[in-house]
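Before any comments, here is the structure.
The values are calculated or read from the model by the stated rules, or taken from the named source; none is laboratory data. Since this is a predicted model, take the numbers as computed values, not measurements. Every residue, glycine among them, receives a Cβ derived from its backbone with ideal geometry; neighbour counts consider all protein chains shown. All accessible areas refer to the heavy atoms of the entire protein, side chains included, with ligands and DNA or RNA removed. Shrake-Rupley method; radii C 1.70, N 1.55, O 1.52, S 1.80 Å.
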Amino acid sequence: MPNRPAAPALPRRDQIRKEAARLFAARGFLGVGVDEIGKAVGISGPGLYRHFAGKDAMLADLLVGISERLLEEGRRRAGSAAGPQAALDSLIDGHIDFALDDRDLIILHDRELLHLKEEDRRRVRRLQRGYVELWVAVVREAFDALAAAEAEPVARAAVHAVFGLLNSTPHSAAPQAAPVDPAAERAGLSREAMAALLRALAQGAFVAAAAEVAALRPLV
């Protein structure tokens, strides 16, 4: 049986990003030195400065980069979908992929955002707000009960609840080549089954929010 061709090597800058994210997530931003990151990618610590100005720049690149990626990908998914419900389903699928495949970045955001320079932290927050507003708009279009102005806080709360649900998947996980949530492993679930479970829970949260508003509307 012929050997499979090896996967192409990542560009050096992407290798540095990957290893920096892994080490920062495992040991904390303050617990990792430039030399250690350099060793992980096979170059001297000072050699990293050809790609990044320093450790602060690596962290900013990771956190700003993922925030930009989520917003851009979210806009692409919503814009190319055949209707609001399809757009919401696509947004959910995209965020599940992020939660299962980029757990180091979620951990970094939760633990290390305070180590960003103020300008970079504001930029991350601005991008995140854009991502939330995109979801809120799509959710309100997908459910008639959430379209009214008075239902906007319920839609927003549901979006944040779904983010909390999906983003919680990496916190007890150790990085591995084919990420699978540990709860899924204990339950004997494949990555695909775990994604399906998360998808059902996220969709159910929005259906419940819409149903709650619809049930209260006659009382208003």
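Structural remarks
- Taking the criterion of being open to solvent by less than 70 Å² (accessible area, probe 1.4 Å), in contact with an Asp or Glu (Cβ under 9 Å, 6 or more places away or on another chain) and modelled with pLDDT of 85 or more, the only residue of the range 42-56 that qualifies is Phe52.
- The residues of the range 99-136 that are modelled with pLDDT of 95 or more, open to solvent by 30 Å² or more (accessible area, probe 1.4 Å) and touching a Gly at 6+ places or on another chain (Cβ under 8 Å) amount to a single one, Leu134.
- Any helices (runs of 4 or more DSSP H) falling wholly within the range 1-118 and containing at least 2 residues that are without any contact (Cβ under 8 Å) to a residue 12 or more places away in the chain and over 24 Å from Arg191 (Cβ atoms): 34-41, 55-80
- Subset of the range 137-161 that is open to solvent by 30 Å² or more (accessible area, probe 1.4 Å) and under 15 Å from the mean Cα position of the chain (by Cα) - its residue that is farthest from Ser67 (Cα to Cα): Ala161
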